[in-house]
Amino acid sequence: MTHVQPELFSIAEPQMVDLFAGPGGLDVAARWLGVTAHGIEWDANACATREAADLATTWADVREYGPKDFPTASLLTGGPPCQTYTVAGSGAGRRALDRVLELVRRMADGHEVTHRVAELDDERTGLVLEPLRWALEAADRGTAYEAIVLEQVPAVLPVWVAVADALKTVGYKTACGILHTEEFGVPQTRRRAILIARLDHKPELPKPTHRRYRKGIARTEGSPQLRPWQTIGDALGRNSPFVVISNYGTGGDPRARGRRRSDEPAATVTGKISRNRVMTETGESGRFTVQEAGRLQTFPPDYPWSGNDISQQIGNAIPPRLAAHVLAAALDREIDEAALDEAVRAHWRSAVEAPLARAI
């Protein structure tokens, strides 16, 4: 894949450099918002999808690049790998977390940590430090990013809290916490740990636009100021009822397979989404298509998934609809929900007539 050089931008039209860009969750949201984006991604399959979607991409290891390679970028985003941060099992995740938190503190104090990162048991563990490296190097160069957005699974929140403290040492104000995707119109219950940092003022996390899903509670219940959560059936345009049966058991018990009805949001979409069974009232069993799995993540209906391990690509991505709300919050923009509804339904190749958010 060729290296697409970053384009020049004005302050009113920021350019985003997206680390660990994956198949394009943040990039799709950036396009909806009228933000020029350039992603760095090493996985060949994700890069195949990005190429098919015409997303500006550097196919490389994030560790081989830095702010000097994207001197015009004013917005830094990223979602590093998370596999080693679980606190379950033998405790390896907790030990990795404690070591990473110490490395974050050392970086904030100005220490070089490359050799210590190399000593970690799994090289993926240290990748979570890369956005902080980029941010600190940019600040040292006198080209600090105006805004930073980081996202990952909830288990990474302690890292984001530590990174927020480190960013404060170079002048950033921050906000971080856990967001529920269904509260932003995603037809899926999924949680993400989010960090937003700004140089000029303290940011706020985006406020919910939809009600939170609670099992057994009707969509119509809750604040009248919020929209009902979205259902699987509505997202996929399926009128006949069905039930989705997870391929894995709740709490590790294969007999306790999770179930969601078509009039509920989907459970968290993972890399195993293609194995879930879809059961109709007549007992017929099927599977979600690639495009349907992408729709549950709010990717456009004709998004050009390419390469191998497409289910894993889909499961790893941040839902573009959530990403749009987070980016808008980082850029002090207010989203037009009706326009966002239309963008989510529209074909990927459709022209975006105007950004779906305005300055606050």
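Some observations on this one:
Yes/no matrix, rows are residues, columns are (1) assigned to a loop (DSSP other than H, G, I, E, B); (2) under 15 Å from the mean Cα position of the chain (by Cα):
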{"site": "Ala37", "(1), (2)": "no, yes"}
{"site": "Ala48", "(1), (2)": "no, no"}
{"site": "Leu55", "(1), (2)": "yes, no"}
{"site": "Pro71", "(1), (2)": "yes, no"}
{"site": "Thr77", "(1), (2)": "no, yes"}
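- Any chance Glu183 is modelled with pLDDT of 95 or more, part of a strand (DSSP E or B) and closer than 21 Å to Phe299 by Cβ: no
- Checking the stated criteria, Ala175 turns out to be under 30 Å from Gly222 (Cα atoms), in contact (Cβ under 8 Å) with a residue 24 or more places away in the chain and either surrounded by fewer than 22 Cβ atoms within 10 Å (Cβ to Cβ) or hydroxyl-bearing (Ser, Thr, Tyr) (or both).
- Any hit, region 11-21, residues being assigned to a loop (DSSP other than H, G, I, E, B), at pLDDT 95 or above and surrounded by fewer than 22 Cβ atoms within 10 Å (Cβ to Cβ): no
- Selection status of Arg191, touching a Leu at 6+ places or on another chain (Cβ under 8 Å) and either free of Cβ contacts under 8 Å to residues at least 40 places away in the same chain or within 27 Å of Gly294 (Cα to Cα) (or both): yes
- A Cβ distance below 9 Å, combined with a sequence gap of six or more or placement on separate chains, defines the contacts here; from region 114-127, residues that are within 12 Å of Pro80 (Cβ to Cβ) reach residues that are at pLDDT below 75 and surrounded by fewer than 15 Cβ atoms within 10 Å (Cβ to Cβ) in the pairs Arg124/Gln83; Thr125/Gln83.
- All strands (runs of 3 or more DSSP E) inside region 248-338 with 1 or more residues being at pLDDT below 95 and of a type in the set (Ser, Thr, Tyr): 277-280
- Residue within region 150-162 that is part of a loop (DSSP other than H, G, I, E, B) and surrounded by 19 or more Cβ atoms within 10 Å (Cβ to Cβ) present: no
- Among (1) out of contact with any strand residue (DSSP E or B) (no Cβ under 9 Å at 6 or more places or on another chain); (2) modelled with pLDDT of 95 or more - the single one Thr220 does not satisfy: (2)
- Of the helices (runs of 4 or more DSSP H) lying entirely inside region 90-148, those carrying at least 1 residues that are modelled with pLDDT under 90 are 92-108, 114-118, 123-126.
- When residues of region 280-303 are limited to those that are in contact with a Phe, Trp or Tyr (Cβ under 7 Å, 6 or more places away or on another chain) and surrounded by 15 or more Cβ atoms within 10 Å (Cβ to Cβ), the one farthest from Asp341 (Cα to Cα): Val290
The values are calculated or read from the model by the stated rules, or taken from the named source; none is laboratory data. Just so we're clear, the structure is a prediction, and the values are computed from it rather than from any experiment. Note that we place each Cβ from the backbone using ideal geometry, even for glycine, and neighbour counts take in every protein chain shown.
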